[in-house]
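To start, the structure under review is shown below, and the notes come after it.
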Amino acid sequence: MRILVIEDETHLREQITQQLQKQNLTVDAAKDGEEGLYFGSEYAYDVAIIDLGLPKLSGIQVIQELRLTGKEFPILILTARGRWQDKVEGLEAGADDYLVKPFHFEELLARINALARRASGWANSTMRCGPITLNPSSQEVTLNESAIELTAYEYRLLHYMMLHAGEVISKTELTDHLYEQDHDRDSNVIEVFIKRLRTKLDPDKTLNAIETLRGRGYRLTLERVN
Amino acid sequence: MLINKLSLSSRLLIAVSIVLTAFLGLSAFSLNNAYQASTDSAQQKRLKNYVYTLLASADFGSHGLEKMPEDLSEPNFSIPNSGLYAQITTGDEIVWQSKSSLGLFIALPDHPGASKEYLSTIMLNNKVKLLNLAYGIVWENEQGKNFEYTINVSEDLNVTNQQKAGFHRTLWYWLGGTGLILLIAQALILRWSLRPLHDVASDLHAIESGDRTRLLKNYPTELSQLTQNINTLLDHEESRRKRYKNSLADLAHSLKTPLAVFRGELENSSNITDIKQTGHEQLDRISALVDYQLQRAATEGHSSLQAPVSLGDIITKILLSLDKVYQSKNIRRQCEIQRDAFIHADVGDMYELIGNLLENAYKYGDKRVNVLVVTRLDSIDIHIEDDGNGIPKYARDDIIKRGKRMDTQVEGQGLGLAIASDIVAAYQGEIKLEQSHLGGARFIVSLPRQ
């Protein structure tokens, strides 16, 4: 899952970025409104975190501009002034949720996960597809109720595929959502990850959890249990 | 521009002076003209009368004019250089002349025609200007012979000119005097009428320098609205200043407890997990205190100067926002707002009040939230209820107790409700907490409309 963070306060931006990366999320951080808008329009994100008081272009303007150009990813606004008028203005502009500074990181993470789930049609905090469950807050993955160990990129891959279970996901889409913008991308790596994930999720090769659609991409075939 | 900087009294004085000068000048001009015209016509009438008198006293016989009386009824005809002269001529020959006109020749060369008159001014050698009326007569004797005569009556113009000049002078003296008096009166009236403005200015100055806190005098009706508003504003500022001060003091005070707790923990505990835990708890507390006091200080409070705001608009916007944020809860909400739900209040305060109460309902409600706004004659009632677990009876009073500081409030109760009841108190309203028939809490806020 790839997250855009637009926050002008350097410390806070770095803290959020690091914490989110620790949670195995792909993070791009922008330091002002203009840069943030550029990232938001250029790359594919699953959730954006936007501070309202930004230099160059205000948070509200960034949100309006993103929505105007058809970007539909969920947006969480951060505001230092907890005034309702500001919150309402941000939500009216197109944001989906707000968080007042200072906040607990757990709270931020919970909101991000909730927004991402909501956007992809999941109701519960733990996603379950067939025998597989994934809990984004604890980053625990289970197969038939027993925990399985995944590497960081395997987890990222599974998280994204579970969010979009049932949908066909192209390799480009996967690289877009798994890597930061300045990362060296090689789509062959995806194939390797998919292969490893298949072995871990389906050691007996009975489940056929991930199907390959030639020339189109991959699909998690397991049924969502909401 | 310079003209924009002129004081009110200068403006009035300049305007009034211009109008007064123009008015007096025009009246002088027209009065003078009227006087001149009337003296001129009176003089002509007089000359004509003299002609008729001469005509009546003349004896005409078969040889034409035969005799004129020695003394005429007008004595000036007999006094030399009296300024009134008469001559009767036929052709170039003077047939008769008054004693006053001896040595003068005032007759016209031409006969003006029978019963015709001709008015002219004559300049004599000694620079004396005369107004001359020549009247032509034709006398026909029994033989049918015609005798043509011209009766000339002249009057010295200097006399009338002096009269006119005298009038002119008097007129200007009077009008000038009147104008001056009017201007002085005007200046005095202005001073007197504008005095309250000066008073307000000096009172404001006194307030500025701290000698006074309000405008106290009785001002004229035109100003009382303004001064009342200034007083309202001053009171509003004063109460806001007090609130700032209190909030600051409260904040400083209330921060001391969590700081003390944390310091104590740091000094007494060697367990890093405990210290971290306490640190987190106290930081949260500090953060909540800052939020709360910031909000308290930002509350505008009631003031009659505020424009009316639509509660319907605010509630709708907040509901739409909350629907978005609490999308996953799928809250079914019912909202009934009377059309005239307007209130003189600060928009930010109303957002804060309603936002906090509604968020509380969305947060603790299960599936349903109801909003009802009822307007009464002098108040607006806002009912907000949910179908959550409600608030136990014993805790209700504490939650909505007026002016109760957050740091002394029941543990576990949100910041939002404390802020809401503070705002209600700032507007001299009432907040009640009941059991809703939906099962949860029902907040009833009643705010005075004025």
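Computed from the coordinates by the stated procedures, all read-outs in this text should not be read as laboratory data. This is a predicted model, so every value here is computed, not measured. All Cβ positions, even for glycine, are placed from backbone atoms using ideal geometry, and neighbour counts span all protein chains on display.
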### Query
Shielding of A:164-176 by partners, i.e. mean partner chain Cβ atoms within 10 Å per residue?
0
### Message
Just to be sure I follow: if Rg is taken over the C-alpha atoms of the protein assembly as shown and Rh is the Kirkwood radius over the same atoms, what is Rg/Rh?
### Response
1.48
### Message
Give me Rg/Rg_expected for segment A:127-220, where Rg uses Cα atoms only and Rg_expected = 2.2 N^0.38 Å with N residues.
### Response
1.03
### Message
I'm checking a number: the convex hull volume of the Cα atoms of segment B:308-448, normalised per residue, in Å³. What is it?
### Response
102 Å³
### Message
Loop-only GluC sites (Glu not before Pro) in segment A:22-95, please: DSSP not H, G, I, E or B, and at most 10 other Cβ atoms within 10 Å.
### Response
A:72
### Message
As an exercise, use a Förster radius of 45 Å and the Cβ-Cβ distance of residue B:78 and residue B:31 to find the FRET efficiency, rounded to the nearest 0.05.
### Response
0.75
### DSSP beta bridge pairing in the protein assembly as shown, given as percent antiparallel to the nearest 5
75 percent
### Summary
One finds, for residue B:305 and residue B:434 with R0 = 25 angstrom and r their Cβ-Cβ distance, a FRET efficiency to the nearest 0.05 of 0.15
### Query
When you count, for each residue, the other Cβ atoms within 10 Å and take the mean per peptide, how do B:424-433, A:124-133, A:190-199 rank with the highest first?
B:424-433, A:124-133, A:190-199
### Task
Give me Rg over Rh for segment B:298-379, both radii from the alpha carbons and Rh done the Kirkwood way, two decimal places.
1.00
### Query
If you stretched the chain out fully between residue B:340 and residue B:189, how much longer would it get, using 0.36 nm times the residue separation minus the C-alpha to C-alpha distance?
49.6 nm
### Message
Taking 8 Å as the Cα distance limit and 6 or more residues as the minimum spacing, I'd like the relative contact order of chain B as a percentage.
### Response
9 percent
## Note on the structure
If every Lys and Arg gets +1 and every Asp and Glu gets -1 at its Cβ, then about the Cα centre segment A:2-119 yields a dipole, in debye to the nearest 20, of 280 debye
### Task
Give the calculated FRET efficiency between residue B:16 and residue B:208 to the nearest 0.05, with a Förster radius of 22 Å applied to their Cβ-Cβ distance.
0.10
### Query
How many partner chain Cβ atoms sit within 10 Å of a residue's Cβ in peptide B:349-357, on average, as a whole number?
3
### Message
Using +1 at the C-beta of Lys and Arg and -1 at the C-beta of Asp and Glu, which of B:101, B:342, B:184 has the Cα lying farthest in the positive direction of the dipole of the protein assembly as shown?
### Response
B:342
#### Entry: Top positive-direction residue, dipole computed over the protein assembly as shown with Cβ charges, set B:36, B:374, A:168
B:374
### Query
How many partner chain Cβ atoms sit within 10 Å of a residue's Cβ in peptide A:82-95, on average, as a whole number?
6
#### Entry: Normalised per residue, the volume of the convex hull around the Cα set of segment B:1-208 (Å³)
178 Å³
#### Entry: Listed pairs B:45/B:164; B:242/B:317; A:171/A:195 exceeding 22 Å between Cα atoms
B:242/B:317
### Query
In terms of Cα to Cα distance under 20 Å, which aspartates and glutamates are near enough to residue B:67, apart from those fewer than 8 places away along the same chain?
B:59, B:92, B:93, B:140, B:142, B:148
### Query
For the protein assembly as shown, what is the calculated [θ] at 222 nm in deg cm²/dmol (nearest 500), taking -39500 (n - 2.57) for each run of four or more DSSP H residues and dividing by its residue count?
-16500 deg cm²/dmol
### Computed over chain A: relative contact order in percent, which uses C-alpha pairs under 8 Å that are six or more apart
17 percent
#### Entry: Set of aspartates and glutamates near residue A:56 by C-alpha distance (under 13 Å), chain-local residues within fewer than 8 positions excluded
A:7, A:8, A:32, A:34, A:35
### Task
Grab every C-alpha pair in segment A:23-93, bin the distances at 10 angstrom width from 0 up to the longest one, and report whole percents.
20, 57, 22, 1
### Message
Quick check on the exposure proxy: order B:276, B:363 from fewest to most C-beta atoms within 10 angstrom.
### Response
B:276, B:363
### Task
Could you point to the residue in B:251, B:388, A:121 farthest towards the positive end of the protein assembly as shown's charge dipole, with +1 and -1 charges on the Cβ of Lys/Arg and Asp/Glu respectively?
B:388
### Residues B:336, A:9, A:154, B:70, sorted so that the one with the fewest Cβ neighbours within 10 Å comes first
B:70, B:336, A:9, A:154
### Query
When Lys and Arg each count +1 and Asp and Glu each count -1, what net charge do the other residues less than 10 Å away from residue B:342, Cβ to Cβ, add up to?
0
### Query
Using the Kirkwood radius built from alpha carbon pairs, what does the Stokes-Einstein equation give as D for chain B at 10 °C and 1.306 mPa s, in µm² per second?
49 µm²/s
### Message
Order these by the 10 Å Cβ neighbour count, fewest first: B:300, B:237, B:155, A:180.
### Response
B:237, A:180, B:300, B:155
### Task
Evaluate the charge dipole of chain B about its Cα centre and quote only its size in Debye, nearest 20, assuming +1 on the Cβ of each Lys and Arg and -1 on the Cβ of each Asp and Glu.
1260 debye
